[in-house]
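S.K.: Take this structure, written in structure tokens, and hold onto it; I'll ask about it next.
The values are calculated or read from the model by the stated rules, or taken from the named source; none is laboratory data. The structure displayed is predicted, hence computed values, not measured ones. Methodologically, a virtual Cβ is constructed for each residue, glycine included, from the backbone with ideal geometry; neighbour enumeration extends over all protein chains shown.
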Ligand code: FES
């Protein structure tokens, strides 16, 4: 589970279907007394999900409709006010760039990852990634300090079955 407490201002950044698991985090962060700014991203406006529900729990919702620009939405917030924590869930490449951005500003960032999984119990190792130089299993060890995640390795492993997936 994502650790919830009163951090101050929390930017919750979701992309695609990652917005679904982000919703309970947004709600919990708000209930814990945080100022919550939610940035939702998808390729087009029609693909944005849960916007109405996000607005119920967020002080502000920013919609970004181009994958490459999600970081601009987050950076605009960072440039205008102090951000105490960032939570990100979405496509791996999106989380990679959110992580690179928040590292630049030294903002603690939590990434909830979705790798290839088989058993989901920590036994098969299919979901393994490298965090802070150590092997971790996404299914039982996550979420993680995004700044410690080796996103390039994760992206490489995510594409292991690309040929089969496209058939
Ligand atoms: Fe098998 Fe995580 S999915 S160890």
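S.K.: Scan region 80-92 residue by residue and report those that are under 15 Å from the mean Cα position of the chain (by Cα) and outside any helix (DSSP H, G or I).
M.R.: Across region 80-92, the qualifying residues are 85, 86, 87, 88, 89, 90, 91.
S.K.: Taking into account only those residues within region 109-129 that are closer than 21 Å to residue 97 by Cα and either surrounded by fewer than 16 Cβ atoms within 10 Å (Cβ to Cβ) or in contact (Cβ under 8 Å) with a residue 60 or more places away in the chain (or both), which is nearest to the ligand (Cβ to nearest atom)?
M.R.: Top of the filtered list is 116.
S.K.: Within region 130-149, take every residue that is under 23 Å from residue 24 (Cβ atoms) and within 11 Å of the ligand (Cβ to nearest atom) and give me the one that is surrounded by the fewest Cβ atoms within 10 Å (Cβ to Cβ).
M.R.: Among residues in region 130-149 that are under 23 Å from residue 24 (Cβ atoms) and within 11 Å of the ligand (Cβ to nearest atom), the one surrounded by the fewest Cβ atoms within 10 Å (Cβ to Cβ) is 140.
S.K.: Determine which member of the set 49, 89, 62, 4 is within 20 Å of residue 144 (Cα to Cα), surrounded by 14 or more Cβ atoms within 10 Å (Cβ to Cβ), free of Cβ contacts under 8 Å to residues at least 40 places away in the same chain and touching a helix residue (DSSP H, G or I) at 6+ places or on another chain (Cβ under 7 Å).
M.R.: The match here is 4.
S.K.: Of all residues in region 48-63, which are closer than 13 Å to residue 19 by Cβ and more than 17 Å from the chain's Cα centre (by Cα)?
M.R.: 52, 53, 55, 57
S.K.: All but one of (1) loosely packed, with under 14 Cβ neighbours inside 10 Å; (2) modelled with pLDDT under 95 hold for residue 71, so report the exception by its number.
M.R.: (1)
S.K.: Quick one: residue 95 ticks every box in (1) within 16 Å of the ligand (Cβ to nearest atom); (2) assigned to a helix (DSSP H, G or I) bar one, so which box is it?
M.R.: Of the numbered conditions (1) within 16 Å of the ligand (Cβ to nearest atom); (2) assigned to a helix (DSSP H, G or I), the odd one out for residue 95 is (1).
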